[in-house]
Amino acid sequence: MKKITSALVALGMGIALSASVQANTSDEAVVERIKAVGSVCIEGDDSCGGAAPVAAAGGAARSGEEVYNTKCAACHATGAAGAPKYGTPEWADRGTKGIDTLLSNAINGIGGMPPRGLCADCSDDELKASIEHMLAGSK
């Protein structure tokens with residue numbers, strides 16, 4: 001009877017050990033399956049290692065005319081959503097506000113224009129160049 005009891009105890013311990021290992025393996029597998037696949041780091045947030053800002057695709061800055069033709073003209077050539085049309089006196093009037101104000105409006109959005117207009121990948125310098133292009137076209 002002692003041998004049978006010892007065998008049953010050993011068998012019970014083996015089953016408990018097996019279940020414990022399986023539970024840990026199962027928990028680890030679940031954790032592995034649901035872990036985040038990436039992370040987001042916002043520019044200026046040092047808590048994630050100070051991610052470098054993403055450069056505009058293509059390397060070199062685009063000219064103001066190029067940015068206007070590929071991004072801004074969608075609204076500023078037609079006056080869509082109340083955008084001041086390129087080459088009209090409306091731009092001369094806007095020029096009196098100063099380039100810093102116009103750039104701030106372009107970056108933050110104003111009226112029907114969303115932030116950065118239709119140029120989410122434009123740098124501030126490219127936006128400024130496109131504004132200067134539109135101002136020059138109104139003279």
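Readers should treat all values here as calculations from the given coordinates under stated rules, not as data from a laboratory. Being a predicted model, the structure only gives us computed values, none of them experimental. Cβ atoms come from the backbone with ideal geometry, glycine included; neighbour counts cover every protein chain shown.
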In sequence order, calculated HN-Hα J values of the stretch 101-108 (Karplus, 6.51, -1.76, 1.60; Hz; x Gly/Pro)
5, 4, 5, 4, 4, 5, 5, 8
Would you mind calculating the gained length between Ser63 and Glu43 on full extension (0.36 nm times residue separation, minus the Cα-Cα distance), in nm to one decimal?
4.7 nm
For the peptides 126-134, 31-39, 64-72, 107-115, what is the packing order when you average, over each peptide's residues, the other Cβ atoms within 10 Å and list the highest mean first?
126-134, 64-72, 107-115, 31-39
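According to the Kirkwood expression over distinct Cα-Cα pairs, how big is the hydrodynamic radius of the stretch 64-136, in Å? Before the final figure, lay out the partial values.
Details: mean 1/r = 0.0848 Å⁻¹.
For the stretch 64-136, the Kirkwood estimate is 11.8 Å.
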